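Everything below concerns the one structure shown next.
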Amino acid sequence: MTARLLPGKPVADAVLADLGPRIDALVAAGHRPGLGTILVGDDSASAGYIRMKMDKANELGFTSPHIHLPQDAAQADVLAAVREMNDADDVGSVLIQNPPPPQIDFDAAMLALDPDKDVDGLHPVNMGRLALGMPGPVPATPAGIETLLAHYGIPVAGREVCILGRGTTLGRPLALLLSQKRPTANAAVTVVHTGVPDWPEYTRRADIVIAAAGVPGILQPEHLTPGVTVVGGGVRYEGRKLLPDVDESCAEVAGAITPRVGGVGPTTIAMLFRNAVEAAERAAAS
């Protein structure tokens, strides 16, 4: 069996195409969206990530104010930068790059952020909104996975989904998202992790398996039932080398699978900008 590939770029392109007219309408009404970014330190990967977001923001017609603090910045400096972004009327969404240098408490910085400007959807208030089914920014990677499955017509409602990983940025919010009553969700969701000795028993019975453990190669063909849909969400980097959770040989068993590179990543970026547009629309309506 050779699995059908589920690349993220066509999904992201469709999402961004939908955002275009909405951005135009906001600009025409005098409410240009703005994505503010805060970077602490000189990590090249983090700087590259921020630069990519700023380039995409400019391409889409956003303003993109940026605050770059030095490697030895203090917690008070970061909190001041967050307050500056909170108070800026032309900044509807904010991204605080994670991880910061070790002397910075990222959680404290996130708590200081206006939840309505949290473009990543990871502020405790927004996680609470997600749990309760209330409107608000949704964590970008989980939202991208739901959109990817819907784009490719993978049935989710009523199916058994197994998420391997319980992290706060992916596994936990994705379980909340896919269990909600919605045509592209409404699944029976099981969350397992490396602390569950017999976790392969759960992945083998699932219709959809989403790897989100951040453990390179943890998901192997013997952990799957033939024809299953496999989404690789968890990765780890060794220098510049990307090490995904899903072993490439899983494609020999799966019916559909995200590619090693270019799967969930592009959809995450698209969902981040969808959150930013929705934040601008909410602010314009208030």
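The table that follows gives values for the structure above.
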quantity: Some residue of segment 207-214 being assigned to a loop (DSSP other than H, G, I, E, B) and open to solvent by less than 30 Å² (accessible area, probe 1.4 Å); calculated: yes
quantity: Residues of segment 163-204 satisfying the condition of being within 17 Å of Gln220 (Cα to Cα) and outside any helix (DSSP H, G or I); calculated: Ile163, Leu164, Gly165, Val192, His193, Thr194, Val196, Pro197, Asp198
quantity: Extreme residue, most open to solvent (accessible area, probe 1.4 Å), among residues of segment 251-277 that are in contact (Cβ under 8 Å) with a residue 60 or more places away in the chain and in contact with a Pro (Cβ under 7 Å, 6 or more places away or on another chain); calculated: Glu252
quantity: Candidates Asp55, Asp89, Asp42 - the one that is outside any strand (DSSP E or B), without any contact (Cβ under 8 Å) to a residue 24 or more places away in the chain, farther than 27 Å from Met134 by Cα and open to solvent by 70 Å² or more (accessible area, probe 1.4 Å); calculated: Asp55
quantity: For Gly133: the one exception among (1) within 23 Å of Val119 (Cα to Cα); (2) in contact with a Ser or Thr (Cβ under 9 Å, 6 or more places away or on another chain); calculated: (2)
quantity: Of residues in segment 135-191 being open to solvent by 40 Å² or more (accessible area, probe 1.4 Å) and hydroxyl-bearing (Ser, Thr, Tyr), the one nearest to Ala206 (Cα to Cα); calculated: Ser179
quantity: Test set (1) in contact with a helix residue (DSSP H, G or I) (Cβ under 9 Å, 6 or more places away or on another chain); (2) more than 21 Å from Tyr237 (Cα to Cα); (3) open to solvent by 70 Å² or more (accessible area, probe 1.4 Å); (4) not in a loop (DSSP other than H, G, I, E, B) - Leu16 fails condition number; calculated: (3)
quantity: Any pair with Cβ under 7 angstrom, 6 or more apart, that starts in segment 162-174 at a residue that is more than 9 Å from Val192 (Cα to Cα) and at pLDDT 95 or above and ends at one that is of a type in the set (D, E, K, R) and open to solvent by 10 Å² or more (accessible area, probe 1.4 Å); calculated: Arg172/Arg166
quantity: All positions within segment 85-96 that are of a type outside the set (Gly, Ala, Ser) and modelled with pLDDT of 95 or more; calculated: Met85, Asn86, Asp87, Val94, Leu95, Ile96
quantity: Among (1) part of a loop (DSSP other than H, G, I, E, B); (2) open to solvent by 20 Å² or more (accessible area, probe 1.4 Å) - the single one Ala73 does not satisfy; calculated: (2)
quantity: Segment 125-134 - residue that is at pLDDT 95 or above, out of contact with any Asp or Glu (no Cβ under 6 Å at 6 or more places or on another chain) and not hydrophobic (A, V, I, L, M, F, W, C) and, of those, surrounded by the fewest Cβ atoms within 10 Å (Cβ to Cβ); calculated: Gly128
quantity: Residue in segment 151-164 that is closer than 28 Å to Met110 by Cβ and of a type in the set (Gly, Ala, Ser) present; calculated: no
quantity: Some residue of segment 26-33 being without any contact (Cβ under 8 Å) to a residue 12 or more places away in the chain and of a type outside the set (Gly, Ala, Ser); calculated: no
quantity: Qualifying positions in segment 1-13 - open to solvent by 50 Å² or more (accessible area, probe 1.4 Å) and either modelled with pLDDT of 95 or more or among the β-branched types (Val, Ile, Thr) (or both); calculated: Thr2, Arg4, Leu5, Lys9, Pro10, Asp13
quantity: Any pair with Cβ under 6 angstrom, 6 or more apart, that starts in segment 108-124 at a residue that is in contact (Cβ under 8 Å) with a residue 12 or more places away in the chain and open to solvent by less than 10 Å² (accessible area, probe 1.4 Å) and ends at one that is in a helix (DSSP H, G or I) and of a type in the set (Gly, Ala, Ser); calculated: Val119/Ala276
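The values are calculated or read from the model by the stated rules, or taken from the named source; none is laboratory data. Quantities reported herein were computed from a predicted structural model and do not represent experimental measurements. Cβ: placed from backbone, ideal geometry, glycine included. Neighbour counts: every protein chain shown. The area values use the complete protein model at the heavy-atom level, side chains included, leaving out ligands, DNA and RNA. Shrake-Rupley method; radii C 1.70, N 1.55, O 1.52, S 1.80 Å.
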